[in-house]
Amino acid sequence: MKEVTLEQQIQTAEKYGLETLFVCPDTWALRHVWINIETGERQRARCNRWECLYCGPRKVDLWRKLIREAKPVLFLTLTKAGKTVEEAARAFTTFVQALRRGSKGRGRGHIGAREAYPV
């Protein structure tokens, strides 16, 4: 990997109007490099945190691509259920179990019956 100087990065950013970072500013990431053993290609490490100005947008793009590839059929919005993590975890587990099992409904007409979803 050819090292690009800071001056070259600044010139490129000004030339193309880029307002993004070229590397992750995390101190750990700046000290580490991943090397592909087969090709010898070097890649800078990243902190991989959502709040990082470099890593965050890349994670968003990655997840968008993964979701697009998965072609989901069902979309759920999960909100907090409970005042503690344990309560929220219990509520989430109960919800997922009910989703997977489905419901036979109530009474003779099976009112409120719904099929199970493969989760």
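Here are the numbers:
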quantity	calculated
Qualifying positions in region 70-119 - at pLDDT 80 or above and among the hydroxyl-bearing types (S, T, Y)	T84, T93, T94
Meets criteria (surrounded by 10 or more Cβ atoms within 10 Å (Cβ to Cβ), acidic (D, E) and touching a residue at least 24 places away in the same chain (Cβ under 8 Å)) for E41	yes
Checking L30 against (1) over 26 Å from L6 (Cβ atoms); (2) aliphatic (A, V, I, L, M); (3) outside any loop (DSSP other than H, G, I, E, B), the condition it does not meet	(1)
Among residues of region 1-28, those that are modelled with pLDDT of 80 or more and open to solvent by less than 60 Å² (accessible area, probe 1.4 Å), counted	2
Selection within region 72-107 - in a loop (DSSP other than H, G, I, E, B) and of a type in the set (V, I, T)	V73, T77, T79, T84
Residue within region 46-61 that is more than 18 Å from F22 (Cβ to Cβ), assigned to a loop (DSSP other than H, G, I, E, B), touching a helix residue (DSSP H, G or I) at 6+ places or on another chain (Cβ under 6 Å) and open to solvent by 100 Å² or more (accessible area, probe 1.4 Å) present	yes
Pair list, Cβ < 9 Å and 6+ apart or interchain, from region 53-67 residues that are in contact (Cβ under 8 Å) with a residue 12 or more places away in the chain to residues that are small (G, A, S)	Y54/A29; C55/A29
R31 open to solvent by 100 Å² or more (accessible area, probe 1.4 Å), touching a helix residue (DSSP H, G or I) at 6+ places or on another chain (Cβ under 8 Å) and on the phi < 0 side of the Ramachandran plot	no
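The values are calculated or read from the model by the stated rules, or taken from the named source; none is laboratory data. Predicted model, so just to flag it, every value in this text is computed and none were measured. We place every Cβ from the backbone using ideal geometry, glycine too, and count neighbours over all the protein chains shown. Side chains included, ligands, DNA and RNA excluded: accessible areas come from the protein's heavy atoms. Shrake-Rupley method; radii C 1.70, N 1.55, O 1.52, S 1.80 Å.
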